[in-house]
Amino acid sequence: MKWVECILIIAGISFDMLASMEVQGAMLQEIKKKKLLGVTSLVVLLQCIFFIGGYVGSYLLSKVTPLKDANQVGYFISAVIFLLLGLRLLVKAIRREFVDECRKEITVKQYVRIIAVSSIYTIFAGIGCQMLGANLLYMVIIIIAFSFLDVFAGIYGGYHFGFEAKTKWYAVGTIILWFTGVEIIVRNLMTIM
């Protein structure tokens, strides 16, 4: 697996977190740096746990049920995963969900709910990356970097500029994930021929 693919996959799924944090940042009365650091640490921890869970689960499943052409099947399944994750982001971009626009303090429990919903898709990214043969440590480092960036950029961007860019973030994530999925399919079709 190429390092560019690793970065694109994590970048694609992280746009969901960025958009979610942007909405939350737009609703804040003030940014409390201590709370932001705690939330960021929690996001990083949960993203890593969910990704590693998907990665290890996929690895264990591949050892229990070996396939004849496991690499080709794994590439196809991972490409489908990334295409479907991109489709989910596109649906979120098109479906304008209601946002209660009022300045308020957001509890850590509310952040955890947002993070948990986004992290479910991180499990699928972990499964796909394992099937592509990605290095787990390398992927975790990328997740840590993107998670910190997403939370800080989302909260501060939303706080200062509102959440109008959220639809664009979903669209960019869709494009990245679809590009990566198609690239995986094309690259592996070329190796078969």
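Numerical summary
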{"read-out": "Rounded percent of accessible protein surface that carbon and sulfur make up, the chain, 1.4 Å probe", "value": "72"}
{"read-out": "Mean residue ellipticity (222 nm) of the chain, computed from DSSP H runs ≥ 4 via -39,500 (n - 2.57), nearest 500", "value": "-29500 deg cm²/dmol"}
{"read-out": "Mean separation of Cα contacts under 8 Å (6+ apart) over length of the chain, as relative contact order %", "value": "54"}
{"read-out": "Over 20 Å (Cα to Cα) - which of Lys92/Lys166; Lys109/Lys166; Lys92/Lys168; Lys33/Lys92 fall in this group", "value": "Lys109/Lys166; Lys33/Lys92"}
{"read-out": "Residue of Tyr159, Tyr138, Tyr111 that the Gaussian network model of the chain assigns the largest fluctuation, springs spanning Cα pairs under 10 Å", "value": "Tyr138"}
{"read-out": "Among Ile13, Ile114, Ile94: highest mean-square fluctuation, GNM of the chain, C-alpha pairs under 10 Å", "value": "Ile94"}
{"read-out": "Given 13 as the ceiling on other Cβ atoms within 10 Å, longest exposed-site-free region of the chain for GluC sites (Glu not before Pro) in DSSP loops", "value": "31-96"}
{"read-out": "Farthest positive-ward along the chain dipole, Cα basis, beta-carbon charges - from Met17, Leu46, Ala134", "value": "Leu46"}
{"read-out": "Top of Phe15, Phe179, Phe161 by mean-square fluctuation, Gaussian network on the chain, Cα under 10 Å", "value": "Phe161"}
{"read-out": "Spatial extent of the range 1-85: Rg and Dmax, with the Cα atoms as the point set, Å", "value": "17.3, 57"}
{"read-out": "Per residue solvent-accessible surface (Å²) - the chain, probe of 1.4 Å", "value": "53"}
{"read-out": "Distance between modelled label sites at Glu30 and Val91, nm, 7 Å Cα→Cβ extension", "value": "4.1"}
{"read-out": "Leu28 long-range amide H proximity, modeled H, under 5 Å", "value": "Lys104"}
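The values are calculated or read from the model by the stated rules, or taken from the named source; none is laboratory data. None of these values were measured; they are calculated from a predicted model. Don't worry about glycine lacking a Cβ; one is built from the backbone with ideal geometry, like all the others, and counts go over all protein chains shown. Quick note on the areas: whole protein, heavy atoms, side chains included, nothing else; ligands and nucleic acids left out. Shrake-Rupley method; radii C 1.70, N 1.55, O 1.52, S 1.80 Å.
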